[in-house]
Amino acid sequence: MFSTVSAFVPAVPATRKSFVIQAATTDAVLDTEVDTVGNNIAVKELLAAVEEKKLLSQVAKSGLLSKAQAAGISLSKLEKLLAFAADQPELLVLVEASGPELLPILPTVVELAPAALPLLSAAIGIPPAALQLAGLTSLAAAVGIVTTVPDDTAVQVAAQTLAVGVLGIAAPAAFFIGATVLGKLTK
């Protein structure tokens with residue numbers, strides 16, 4: 001009988017091959033390294049980093065899942081969110097198209113994830129209305145900076161532009177999207 005793990009492992013030693021894949025939506029060429037079985041090497045290395053950092057154990061120790069459950073977030077509610085995403089074909093196209101560009105960023109996300117877990121645990125307890133209020137406050141701060149900082153020098157115009165970009169666009173978008181997602185998950 002073959003009852004060992006080696007029955008599930010390819011008999012040929014894994015070597016790296018390089019294939020050129022033509023993207024369907026753009027003319028950009030993506031050079032992807034795969035092993036002899038066809039597994040993407042970058043994805044395998046990412047999963048190995050997740051395992052090495054014991055990220056799932058850290059999620060369990062952080063209490064993130066318990067806090068999510070206490071806030072009313074359950075797997076059945078996540079299923080509804082995933083069903084909503086599945087009904088929006090443009091979202092799936094965006095996710096698929098961004099895959100090659102996101103893959104190099106994921107190791108950094110894995111590195112930063114342990115430090116972000118306490119922040120996520122705290123953020124789950126914030127009511128969606130508070131996030132919306134923070135978004136409105138951020139917009140008001142951007143308007144305040146643009147109206148009070150004069151347009152006399154390039155540095156002042158750059159400060160106004162930075163304020164609009166960060167406080168007027170990025171922060172409100174993050175707050176409003178976070179409030180919407182959290183609101184849908186906790187209903």
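The values are calculated or read from the model by the stated rules, or taken from the named source; none is laboratory data. As the structure is a computational prediction, the values presented were derived from the model and not from experiment. Neighbour counts run over all protein chains shown; Cβ positions are idealised from the backbone, glycine included.
Among the candidates 85, 115, 163, which residue alone is farther than 20 Å from residue 59 by Cβ and either in the same structural domain as residue 56 (by TED's automatic domain parsing) or part of a loop (DSSP other than H, G, I, E, B) (or both)? None of the other options fit; the residue is 85.
If you take the residues of region 119-160 that are outside the structural domain of residue 65 (by TED's automatic domain parsing) and among the polar types (S, T, N, Q), which of them is nearest to residue 72 (Cα to Cα)? Only one residue fits best here, namely 132.
Annotation note: of 113, 129, 179, 123, the sole residue that is within 29 Å of residue 65 (Cα to Cα) and surrounded by fewer than 13 Cβ atoms within 10 Å (Cβ to Cβ) is 129.
Matching residues to (1) of a type in the set (D, E, K, R); (2) assigned by TED's automatic domain parsing to the domain that holds residue 187; (3) more than 18 Å from the chain's Cα centre (by Cα); (4) not in a helix (DSSP H, G or I):
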site	(1), (2), (3), (4)
57	no, no, yes, no
68	no, no, no, no
90	yes, no, no, no
93	no, no, no, no
101	yes, no, no, no
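For region 123-144, the candidate set comprises residues that are β-branched (Val, Ile, Thr) and under 15 Å from residue 171 (Cα atoms); within that set, the residue that is nearest to the chain's Cα centre (by Cα) is 137. All but one of (1) over 29 Å from the mean Cα position of the chain (by Cα); (2) touching a residue at least 60 places away in the same chain (Cβ under 8 Å) hold for residue 113, so report the exception by its number. Result: residue 113 passes all but (1).
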